[in-house]
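Visitor: Quick one: the structure is below, questions incoming.
The values are calculated or read from the model by the stated rules, or taken from the named source; none is laboratory data. Since this is a predicted model, take the numbers as computed values, not measurements. Glycine gets a Cβ as well: all are built from the backbone with ideal geometry, and neighbour counts include every protein chain shown.
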Amino acid sequence: MIQVEHLTRRYGALTAVDDVSFDIARGEVVGLLGHNGAGKTTIMKMITGYLEPTSGSVRVDGLEVGRHRRAVQARIGYLPENCPVWPEMTVIDYLDFQAALHGVAAARRDRAVARAIARTALKDKATAAIHTLSRGYRQRVGVAQALLHEPDILILDEPTNGLDPTQILQMRELIGELARQATVIVSTHILQEVQASCERVLILRAGRLVLDARIDALQRGAGLLVQAEGDVAGALREVPAVQGVRVEADAASPRSWCVDAPIDAAPAVAEALARAGVRLYALQPRRRDLETVFAEVNGLACPSAPEVTHA
């Protein structure tokens, strides 16, 4: 659906996006994650054709953005981070105007506007002037305009910006609904939004793509977590499957230990701890959340106690 190859964008001496490549398949919900200034918005502007790359290419359905800009943009619904709206217009008038700009036929326009209002829970504000709306409602108006023409690709830059907790849950549900019909890219610096809404994450750091992985795969294969009292590291020295042991949390009693071993090594770990007289309180797979992964790839992970490895 989307092929990004060696995409680079420079502003004088500043390289905002540095040789980024990735593919996104039809129907995927992908989170574009990174600190402010990591290059997320710049990449989205190049995908949508609002900004030309310094080098590299973007293809949508086989069409190169630079050569087939209008055809590509017709397939995309885009919510910029600060969505431009006309404050003096009412919500329904603004959406009708946007539907015309998107090329929605006059005979279908009323239905398209009504559907977008319903999907973004704007019915009670449909006749209100946009300047009277809260930031959260203005954000919903921005999402509504991106949905009007039923695009194949929906690109949302910080879609939950300014929303209250209830509205955030509604937005997540809407993204899930949209994913049944469209490819969705969600750009954010909020880890929980990617965790809750997306099935795959692209993490950017200083303009470079540092991680491209499915979220469920990131959470697997992180070793074992042991809660115990005693010399856990000493007890596990002779277990062949254990590659290392480190203290996960040192302040509490019992201590938590991270054991670098596959999940199927759990019985051998339990037996070794029992033989050594270690009091075992818990033994379970250790799963990483997206916050942990993000800290690792950005070099922000907090150092643990010294790791104990086999001699």
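Visitor: Quick test for you: out of GLU177, GLU173, pick the one residue that is in the same structural domain as MET44 (by TED's automatic domain parsing) and free of Cβ contacts under 8 Å to residues at least 24 places away in the same chain.
Guide: GLU173
Visitor: In region 190-223, what count of residues is obtained for those that are closer than 22 Å to THR48 by Cβ, surrounded by fewer than 17 Cβ atoms within 10 Å (Cβ to Cβ) and modelled with pLDDT under 90?
Guide: So the answer is 1.
Visitor: Condition (residue is modelled with pLDDT of 95 or more, among the charged types (D, E, K, R) and assigned to a helix (DSSP H, G or I)) applied to region 79-95: is it met by at least one residue?
Guide: Checked region 79-95: at least one residue is modelled with pLDDT of 95 or more, among the charged types (D, E, K, R) and assigned to a helix (DSSP H, G or I).
Visitor: Going by the structure shown, is VAL113 part of a helix (DSSP H, G or I), modelled with pLDDT of 95 or more and over 20 Å from the mean Cα position of the chain (by Cα)?
Guide: yes
Visitor: Can I ask one more? Grab the helices (runs of 4 or more DSSP H) fully contained in region 190-244, keeping just those with 3 or more residues being touching a residue at least 40 places away in the same chain (Cβ under 8 Å) and within 14 Å of ASP289 (Cα to Cα).
Guide: Here the list reads 191-197.
Visitor: Quick one: count up the residues across region 61-102 that are in contact with a His (Cβ under 8 Å, 6 or more places away or on another chain) and not acidic (Asp, Glu).
Guide: Count: 5.
Visitor: To continue, here is another question. In the set GLN73, GLN167, GLN139, which member is part of a helix (DSSP H, G or I), surrounded by fewer than 21 Cβ atoms within 10 Å (Cβ to Cβ) and under 21 Å from the mean Cα position of the chain (by Cα)?
Guide: Answer to the selection: GLN167.
Visitor: Output the number of residues of region 169-181 satisfying the condition of being touching a Leu at 6+ places or on another chain (Cβ under 7 Å) and either over 20 Å from LEU33 (Cβ atoms) or among the aromatic types (Phe, Trp, Tyr) (or both).
Guide: 0
Visitor: Out of all the residues in region 170-181, which are within 16 Å of the chain's Cα centre (by Cα) and under 22 Å from VAL60 (Cβ atoms)?
Guide: ILE175, LEU178, ALA179
Visitor: How many residues, within region 8-64, are more than 20 Å from ARG200 (Cβ to Cβ) and assigned to a loop (DSSP other than H, G, I, E, B)?
Guide: Residues that pass the stated criteria total 11.
Visitor: Do we have ASP164 as acidic (Asp, Glu), farther than 25 Å from MET46 by Cβ and at pLDDT 90 or above here?
Guide: In short, no.
Visitor: It is to be established whether one or more residues within region 90-97 are in contact (Cβ under 8 Å) with a residue 24 or more places away in the chain and under 27 Å from the mean Cα position of the chain (by Cα).
Guide: no
Visitor: So, one more: Working only within region 99-125, note down all residues that are surrounded by 16 or more Cβ atoms within 10 Å (Cβ to Cβ) and of a type in the set (Gly, Ala, Ser).
Guide: Within region 99-125, ALA99, ALA112, ALA116, ALA121 meet the criteria.
Visitor: Looking only at region 142-164, filter to residues that are polar (S, T, N, Q) and in a loop (DSSP other than H, G, I, E, B); which one of those is farthest from ARG111 (Cα to Cα)?
Guide: Step by step, filter region 142-164, then rank; the result is ASN161.
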